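Novice: The structure follows.
The values are calculated or read from the model by the stated rules, or taken from the named source; none is laboratory data. In this text the structure is predicted, and so the values were computed from the model without any measurement. So basically every Cβ, Gly included, is an ideal-geometry build from the backbone, and we count neighbours across all protein chains shown. The area values use the complete protein model at the heavy-atom level, side chains included, leaving out ligands, DNA and RNA. Shrake-Rupley method; radii C 1.70, N 1.55, O 1.52, S 1.80 Å.
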Amino acid sequence: MSLQNRVTPSGDIIATPHRGMFTGNRGIIHDPATKTLTRRWASRAWLTCVCEFRGRRRQVMGGRSWTELFFLDEATAFAAGHRPCFFCRRDDARRFRAAWEQGNGTSNLRADDIDIVLHRERLEGRRKRIHPLPLPLRELPDGAMVQAGADSFLIAKAKAWTWSPAGYSEAMEAIEGAMLLTPPSALRAFSAGYRPVLHRSAPLAPPP
């Protein structure tokens, strides 16, 4: 049986056999005895980490350590409200911070400064916060994600691609009433040059 540890673009945590490209965490949010979730987050530092780091091995939800969550790709993680880890993804995190500072007109930020903004942008009470589109869909930077109805979509090459736990497929119909899932401050970092890693099913992803 699949554990409930896969994060959707809307920030929900579901059970699916599709593992994804990245892991990450929101603190300790599970019961190790039952390997079930007890909350949605325990920290405002929502991280995106690599699945392999210096040969270390972890038993998923096996102890009172951070709860291993998984993401289809980095665009999904950003949409849910996560950002690169400064420990296992130091170079990516530094690039993201530089683009975030440029896009948001700030400087000399600590990771916690970014987390404070992201935490405000990703939540409305205890629910996922969504935002009005700042640009037409075709003008959003690659890696942005939006929601329309019950579906989530990646924007890449000025087209919409339907998200699923297994990957993306090109949207066959026009999207009406879309709202932005990616936190606006992260979106501005994309516009300033940061490129999130996309799943191989996305049009801009490098070959496997």
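Novice: Could you list, in sequence order, the residues of segment 161-191 that are modelled with pLDDT under 95 and assigned to a loop (DSSP other than H, G, I, E, B)?
Specialist: Within segment 161-191, 171, 172, 173, 174, 175, 176, 177 meet the criteria.
Novice: Does residue 194 fit the bill of being surrounded by 13 or more Cβ atoms within 10 Å (Cβ to Cβ) and not in a loop (DSSP other than H, G, I, E, B)?
Specialist: no
Novice: Is it the case that residue 63 is among the small types (Gly, Ala, Ser) and more than 19 Å from the chain's Cα centre (by Cα)?
Specialist: Yes; evaluated as a whole, the condition is true for this residue.
Novice: Against the definition (in a loop (DSSP other than H, G, I, E, B), open to solvent by 40 Å² or more (accessible area, probe 1.4 Å) and touching a Pro at 6+ places or on another chain (Cβ under 9 Å)), how does residue 64 come out, yes or no?
Specialist: yes
Novice: Within segment 132-152, how many residues turn out to be assigned to a strand (DSSP E or B) and either open to solvent by 20 Å² or more (accessible area, probe 1.4 Å) or among the aliphatic types (A, V, I, L, M) (or both)?
Specialist: Looking only at that region, the number is 5.
Novice: I would also like to ask the following. Name the one entry in 101, 124, 52 that is more than 19 Å from residue 6 (Cα to Cα) and at pLDDT below 95.
Specialist: Going through 101, 124, 52 in turn, the sole match is 124.
Novice: A follow-up question, please. Tell me which residues, restricted to segment 105-131, are in a helix (DSSP H, G or I), in contact (Cβ under 8 Å) with a residue 60 or more places away in the chain and open to solvent by 40 Å² or more (accessible area, probe 1.4 Å).
Specialist: 112, 116, 119
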